[in-house]
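The values are calculated or read from the model by the stated rules, or taken from the named source; none is laboratory data. Since we're looking at a predicted model, the values are computed, not measured. A quick note on method: Cβ atoms are made from the backbone with ideal geometry, for glycine too, and the neighbour counts reach across all protein chains shown.
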């Protein structure tokens, strides 16, 4: 849902989520076009938190590029046990951009079961 979240807002959101990471299971930030790669970078700090229990993350239409895919893959590599669904639709990503995320699906260490990007 578009709530006017910007990259700076994401910094504050990530800090708040890090302070109490275990309760949130789903986060939908769809159509926040100002979020972009730098906003995702801040959110990945939350995804890397040891207590993070987020299972579903939706970033549909948030102006993301390959850089966001790099941030997300790195976060999942550092804390692989929680995220099951990732929605990156409407971000004009091409397969090479998301390949590393698809590769994570093939590893038994990761729980990423659903990845949408087109």
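When residue 25 is tested against (1) surrounded by 20 or more Cβ atoms within 10 Å (Cβ to Cβ); (2) over 22 Å from residue 90 (Cα atoms); (3) modelled with pLDDT of 90 or more, exactly one condition is not met: (1). Out of the stretch 9-27, which residues are touching a residue at least 12 places away in the same chain (Cβ under 8 Å) and more than 12 Å from residue 45 (Cα to Cα)? Within the stretch 9-27, 9, 22, 23, 24, 25, 26, 27 qualify.
Pairs are defined by a Cβ separation below 7 Å, a sequence spacing of at least 6 or placement on different chains, a first member in the stretch 92-118 that is farther than 18 Å from residue 47 by Cβ, and a second member that is at pLDDT below 85 and part of a loop (DSSP other than H, G, I, E, B); no pair meets this definition.
If the condition is being closer than 15 Å to residue 39 by Cβ and at pLDDT below 95, then the stretch 65-90 contributes only 75.
Residue by residue, here is whether (1) more than 30 Å from residue 96 (Cβ to Cβ); (2) buried (at least 16 other Cβ atoms within 10 Å of the Cβ); (3) within 15 Å of the chain's Cα centre (by Cα); (4) in contact (Cβ under 8 Å) with a residue 12 or more places away in the chain holds:
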| position | (1), (2), (3), (4) |
| --- | --- |
| 5 | no, yes, yes, yes |
| 29 | no, yes, yes, yes |
| 33 | no, no, yes, yes |
| 50 | yes, no, no, yes |
| 58 | no, yes, yes, yes |
| 61 | no, yes, yes, yes |
| 70 | no, yes, yes, yes |
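Counting only helices (runs of 4 or more DSSP H) that sit wholly inside the stretch 1-105, not one has at least 3 residues that are in contact with a strand residue (DSSP E or B) (Cβ under 7 Å, 6 or more places away or on another chain) and more than 21 Å from residue 118 (Cα to Cα).
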